[in-house]
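Peer 1: Pasting a structure here, questions to come.
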Amino acid sequence: MIHVVKILETNYSYIIEDGFKAMIVDPGDADPLLNRLEILRLIPECILLTHNHSDHSNGVDEIKRKFPKVKVINNSRDSLLAFNSDNTVTIIHTPGHTQDSCCFYMPKRGVIFTGDTLFTGLCGKTDKKYYFEMFNSLQKLQELPLYTKVLPGHEYLSNSIEFLKTLNRESGFYNSLLKFDYPSLNTTIADEINNNPFMSSDINYFTKIRDLKG
Ligand SMILES: [Fe+2]
């Protein structure tokens, strides 16, 4: 099971339960995660960091103090982490938001943790000189199985819908997600290909809308 832990103002962190062990994705704040681990009676084995911004990594030191054996993983290159057959993690290097950004794909669970690379209806902020890298990273994610659930690093759906309006684009799909408690977490790679303008395969269009978004 994957537990969603809302932290700070808009961040999503995740606890991936595996028997009595767990993996944590992007602990931007330790306390809510330590509380949830205690309630669930789980021992974290490793921390997966999608990138090194403080709102994703600030909780690492405190979690390590409580669980000194926990491993911290942030590989900025494509690689494979194997825990057991259910928890194989493919690390997909996705530079653009930062040069060290990566996404964690878990094929058996059919999910990908996208950090600040891909949000529901948006992509992460990126410096103009890294637009092409971000574009390529988003193209790379489109090669995943279409049913893969996207679990991003922030709840930004209202922001995405506002931006779609400025582009005069249809936002019906994303509007329909607002009924959920965690609206950004109800999308897949297929949904993003169909509805997210940043998934365009046209670099000129990507550049234009990335400039507009600022
Ligand atoms: Fe970030």
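Peer 1: Taking the condition within 17 Å of the chain's Cα centre (by Cα), acidic (Asp, Glu), within 13 Å of the ligand (Cβ to nearest atom) and assigned to a helix (DSSP H, G or I), does ASP55 pass?
Peer 2: yes
Peer 1: Pick from the stretch 146-178 the residues that are acidic (Asp, Glu) and part of a loop (DSSP other than H, G, I, E, B): which of them is nearest to SER13 (Cα to Cα)?
Peer 2: GLU155
Peer 1: Would you confirm whether or not the stretch 59-78 contains a residue that is under 24 Å from LEU157 (Cβ atoms), within 16 Å of the ligand (Cβ to nearest atom), outside any loop (DSSP other than H, G, I, E, B) and not assigned by TED's automatic domain parsing to the domain that holds LEU151?
Peer 2: Checking the stretch 59-78: not a single residue is under 24 Å from LEU157 (Cβ atoms), within 16 Å of the ligand (Cβ to nearest atom), outside any loop (DSSP other than H, G, I, E, B) and not assigned by TED's automatic domain parsing to the domain that holds LEU151.
Peer 1: Could you count how many residues in the stretch 188-203 are in contact (Cβ under 8 Å) with a residue 24 or more places away in the chain, more than 15 Å from SER176 (Cβ to Cβ) and of a type in the set (Ser, Thr, Tyr)?
Peer 2: Looking only at that region, the number is 1.
The values are calculated or read from the model by the stated rules, or taken from the named source; none is laboratory data. Remember, predicted model here, so these are calculated numbers, not experimental data. With ideal geometry, Cβ positions are generated from the backbone for all residues, glycine too; neighbour counts draw on all protein chains shown.
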